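Please read the structure below before turning to the comments.
Derivation of every value follows stated rules applied to the coordinates shown; laboratory data play no part. This one's a predicted model, so the numbers in the text were calculated from it and none came from an experiment. Here the Cβ positions follow ideal geometry from the backbone for every residue, glycine too, while neighbour counts run over all protein chains shown.
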Amino acid sequence: MALLRTILILIIIYYVVQIFTRYIFPALFYNHMEDKVNEFSKNQKKQQKKAAKREGEITIDYIPEKHSGEKQGEGEYVDYEEVKE
């Protein structure tokens, strides 16, 4: 009798999980993804408005200076002369 009850409980759990994964989980996931898509499209529209340029308009992006002869983490380069005695 206990074996039949255990098998029945396992079958019920299987069907409950199957119903959850087939109907409830996709509905929750769909709502979340729909919100993210709407948020993404709003941000995309804002970026397009910012990027819209008038004809002849010039924009300059900041480009950091490159120090010649200096490598990061190796210290600084010192020029030297050989002295003959």
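Side notes on the structure shown:
- The C-alpha atoms of the chain define a longest principal axis, and helix 25-51 lies at about 30 degrees to it.
- Placing unit charges on the Cβ atoms of the charged side chains and taking the dipole of the chain about its Cα centre, the candidate lying farthest along the positive direction among Val37, Thr59, Tyr80 is Val37.
- Simple Cβ-charge dipole of the chain, Lys/Arg +1 and Asp/Glu -1, about Cα centre, in debye nearest 20: 1440
- Cα convex hull of the chain, projected area averaged across orientations, nm²: 18.7
- Folded to 0 to 90 degrees: helix 2-19 orientation relative to the chain principal axis, Cα: 50
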